[in-house]
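Here is the structure we will look at.
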């Protein structure tokens, strides 16, 4: 009995030791597995939408599972505010930020030079260029050199960023003051970048074992076999990116101004004012005069206002479409409050977008039905037969609104006189979507 127990004991002990031989290497392998690297792209003009996208990724990353952020950049420049936001974000994120000007032929001009210099590790592919960061001021007449104080400020800021990252401040400053440009090899020789790399694979090989310091804490990169996790913009950031492009923002401002001008110059119209107002707000937002939170709230309020106006006035569906579009934009740009639950925002956005689409589709159908009915009646030749009459719904002075055969029409007093609300008028003729009316002749 003692020998049997002794054998069982030895068998259990042997099994335990064999298990350790398999488990220990696996555990050690898990512990040494490299953390992820977040992969972001910064292409084209640097806008507030792109800055918001990168900031969100930096804010949401988990330093326990992410060892670095890699940004692939190719940009001719962009907005000053968006660039400064990225400079601040790079300094506060707990993991190193790697900026790689890639592929061959890419550039890091103007604002791109600021972003490259402010990174923790800077690299460029052969055939790329950095520099030409002298600021310009945009105006309707074109681009012109910014004021001297703006140049001096940005030159000092560039010098400060370079020194903070251990790069030559005098060379970086010349990007702003002299529009200095350097190719990849010159940038490496001058110490503006840390090294060159042909592609991302070579970049990761050179980064493996890289030692540095971030926020007073040393770090060592382990990029061999690390997983690249690519991130993409959400809908809000895509809209923000498109609208904040300087060319699109100026175009929206022009369209908005022209819409309001023609709308106010032609009483009785609705389309130019509605579309012009929406375009003007988007243009102002695109130039950075309104932040995202303020713009989202303004569009939501505007959307509900247009819907209410459509209900109580003869908007012919145009105001309803404008209200739906405004609600849709406002829902996309809706600000996030940290103390509110994330699920609430998701459900609110879904409700607002659904309502906006439903109202827009319904208003569009109303417009199509009205246009179709007018075409049918006009082609029939007897639209104004039998002494057509109308009731004044909105006082004619001389423009206003009348109701004829159950429909609301814009109307104009034939002789320019004022016709009070509730009065009956004779319809003389149709001018587009406007009726020419006059007071009934006394018997």
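The values are calculated or read from the model by the stated rules, or taken from the named source; none is laboratory data. Predicted model, so just to flag it, every value in this text is computed and none were measured. Note that we place each Cβ from the backbone using ideal geometry, even for glycine, and neighbour counts take in every protein chain shown.
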* Counting just the residues of segment 429-443 that are modelled with pLDDT of 85 or more and under 24 Å from residue 271 (Cα atoms), which one comes out surrounded by the most Cβ atoms within 10 Å (Cβ to Cβ)? -> 437
* Structure fact -> The condition of being modelled with pLDDT of 90 or more, surrounded by 10 or more Cβ atoms within 10 Å (Cβ to Cβ), assigned by TED's automatic domain parsing to the domain that holds residue 131 and in a strand (DSSP E or B) holds, among 42, 86, only for 42
* Structure fact -> Counting only strands (runs of 3 or more DSSP E) entirely within segment 205-287, those with at least 3 residues that are in contact (Cβ under 8 Å) with a residue 60 or more places away in the chain are 228-230
* Please verify whether segment 91-109 includes one or more residues that are under 20 Å from residue 152 (Cβ atoms) and touching a helix residue (DSSP H, G or I) at 6+ places or on another chain (Cβ under 6 Å). => no
* Using the structure shown, decide if residue 314 is more than 28 Å from the chain's Cα centre (by Cα), surrounded by 16 or more Cβ atoms within 10 Å (Cβ to Cβ) and modelled with pLDDT under 80. => yes
* Asked: Checking residue 103 against (1) at pLDDT 90 or above; (2) farther than 30 Å from residue 33 by Cβ; (3) surrounded by fewer than 23 Cβ atoms within 10 Å (Cβ to Cβ), which single condition isn't satisfied?
  -> (2)
* To do: Filter segment 173-186 down to residues that are part of a helix (DSSP H, G or I) and within 30 Å of the chain's Cα centre (by Cα) and give me whichever is farthest from residue 116 (Cα to Cα).
  => 176
* To do: Could you look through segment 129-145, keep only residues that are within 17 Å of residue 113 (Cα to Cα) and part of a loop (DSSP other than H, G, I, E, B), and pick out the one that is modelled with the lowest pLDDT?
  => 135
* **Tabulated pairs, segment 39-57, first on the phi > 0 side of the Ramachandran plot, second crowded, with 24+ Cβ neighbours inside 10 Å and at pLDDT below 90, C-beta under 9 angstrom, 6+ apart or interchain** => 44/78
* Can you find even one residue in segment 418-428 that is modelled with pLDDT under 85 and surrounded by fewer than 17 Cβ atoms within 10 Å (Cβ to Cβ)? -> no
* Hey, does segment 170-193 have a residue that's under 21 Å from residue 38 (Cα atoms) and surrounded by 15 or more Cβ atoms within 10 Å (Cβ to Cβ)? -> yes
* In segment 154-172, which residues are part of a loop (DSSP other than H, G, I, E, B) and farther than 27 Å from residue 105 by Cβ? -> 166
* Structure fact -> Subset of segment 115-135, residues closer than 17 Å to residue 171 by Cα and free of Cβ contacts under 8 Å to residues at least 60 places away in the same chain, comes to 118, 119, 129, 131, 132, 133, 134, 135
* Asked: Which of the residues spanning segment 393-412 are over 19 Å from residue 270 (Cα atoms) and surrounded by 13 or more Cβ atoms within 10 Å (Cβ to Cβ)?
  -> 404
* Asked: Only one of (1) closer than 27 Å to residue 219 by Cα; (2) surrounded by fewer than 20 Cβ atoms within 10 Å (Cβ to Cβ) fails for residue 93. Which number is that?
  -> (2)
